[in-house]
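Take a look at the structure below.
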Amino acid sequence: MTQWLPIIIATPPLRRSKAMKIGVIGAGFIGRAVAQLALAAGHAVMLSNSRGPQTMSSVRSGIPGVQVGSAQDAAQFGDVVLVAIPLEHYRSVPAQWLAGKTVLDANNYYPDRDGHIPVLDRFETTTSRLLAEHFADSKVVKVFNAIFDSDINRDARPHGAPDRRALPVAADDATAKAHVITLLDELGFDAVDAGTLDESWRFERAKPAYCVPLDKAGLKAALAAAERTVELPPAERSRT
Ligand SMILES: NC(=O)c1ccc[n+]([C@@H]2O[C@H](COP(=O)([O-])OP(=O)(O)OC[C@H]3O[C@@H](n4cnc5c(N)ncnc54)[C@H](OP(=O)(O)O)[C@@H]3O)[C@@H](O)[C@H]2O)c1
């Protein structure tokens with residue numbers, strides 16, 4: 001008589017599909033945090049800064065497995081390319097480097113750091129719309145802007161974990177947005193579709209959803225509670 005033994009299938013730490021190449025323009029706090037997360041999930045990552053790979057030996061040694069290159073190298077390398085630089089510099093990245101690519105936009109507007117951008121001060125557009133106008137031949141997806149760098153690796157959880165955090169995602173291109181939602185799931189986060197780039201003001205700086213750890217339901221509520229011209233101080237955001 002055949003004896004059937006129980007087969008125990010270990011749940012993988014994170015869901016994986018095809019390994020991707022992720023280029024990162026900006027090797028600062030957020031670029032490095034996303035790079036670590038993506039490497040842990042089995043993707044290949046190239047980081048870059050404005051000064052060149054010769055300035056990145058500590059980045060290379062601090063993040064095992066990461067590749068470094070020029071910003072143009074990282075743009076060329078990536079199936080998707082994360083742009084994570086101070087917003088004031090977005091026009092310094094030539095649009096043709098990213099033509100045809102999905103661009104992950106993690107950038108936020110801080111007037112004290114970036115200088116005043118009147119159309120943003122008047123709430124007439126969104127930071128991601130500005131990027132999309134510059135990277136006119138790319139598919140811009142706003143993601144990773146509403147989580148602190150220090151939370152990225154700490155809060156990532158396997159698919160289905162009860163305490164999994166959700167992150168907001170916005171894009172005009174539905175296919176690119178769906179790919180990024182799948183990538184987020186692999187990396188350890190649920191996603192809430194927050195609409196188009198014109199609607200992405202709902203999770204810009206100083207909105208209820210900005211950098212507050214929330215599950216899907218909480219994030220949906222925070223996005224719905226956002227008011228276009230109301231900027232909350234950090235203490236109120238964390239209570240929302
Ligand atoms: N830190 C966070 O928790 C956080 C969270 C969410 C979103 N964000 C947003 O993400 C963006 C980056 O923030 P961060 O805190 O990571 O900044 P950061 O630590 O100051 O790092 C900025 C990086 O961008 C690079 N850079 C600037 N201009 C560049 C260019 N033209 N080409 C290539 N690299 C360039 C800098 O390189 P050099 O040093 O060589 O100039 C540096 O590596 C900001 O828009 C920020 O608001 C930050």
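The values are calculated or read from the model by the stated rules, or taken from the named source; none is laboratory data. All figures in this text were calculated on a predicted structure; none of them were measured in a lab. Ideal geometry is used to build each Cβ from the backbone, glycine not excepted, and the neighbour counts take in all protein chains shown.
Listing for the model above:
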{"read-out": "Test: residue in segment 113-123 that is touching a strand residue (DSSP E or B) at 6+ places or on another chain (Cβ under 8 Å) and hydrophobic (A, V, I, L, M, F, W, C)", "value": "no"}
{"read-out": "Top-ranked residue of segment 171-221 - restricted to ones that are small (Gly, Ala, Ser) and touching a Ser or Thr at 6+ places or on another chain (Cβ under 6 Å), ranked as nearest to the ligand (Cβ to nearest atom)", "value": "Ser200"}
{"read-out": "Selection count where residues are farther than 20 Å from His43 by Cβ and in contact with a strand residue (DSSP E or B) (Cβ under 8 Å, 6 or more places away or on another chain), scope segment 73-96", "value": "3"}
{"read-out": "Subset of segment 34-53 (residues that are surrounded by fewer than 23 Cβ atoms within 10 Å (Cβ to Cβ), within 11 Å of the ligand (Cβ to nearest atom) and part of a helix (DSSP H, G or I))", "value": "Pro53"}
{"read-out": "Every residue from segment 96-120 that is more than 11 Å from the ligand (Cβ to nearest atom) and surrounded by 18 or more Cβ atoms within 10 Å (Cβ to Cβ)", "value": "Leu98, Lys101, Thr102, Val103, Leu120"}
{"read-out": "Positions within segment 51-70 being touching a helix residue (DSSP H, G or I) at 6+ places or on another chain (Cβ under 7 Å) and of a type outside the set (A, V, I, L, M, F, W, C), in sequence order", "value": "Gly65, Gly69, Ser70"}
{"read-out": "Any hit, segment 121-132, residues being more than 14 Å from the ligand (Cβ to nearest atom), on the phi < 0 side of the Ramachandran plot, more than 19 Å from the chain's Cα centre (by Cα) and in a helix (DSSP H, G or I)", "value": "yes"}
{"read-out": "Segment 178-198, residues that are under 19 Å from Lys18 (Cα atoms) and part of a helix (DSSP H, G or I)", "value": "Ala178, His179, Val180, Ile181, Thr182, Leu183, Leu184, Asp185, Glu186, Leu187"}
{"read-out": "So Val68, is it within 25 Å of Ile181 (Cβ to Cβ) and modelled with pLDDT of 95 or more", "value": "no"}
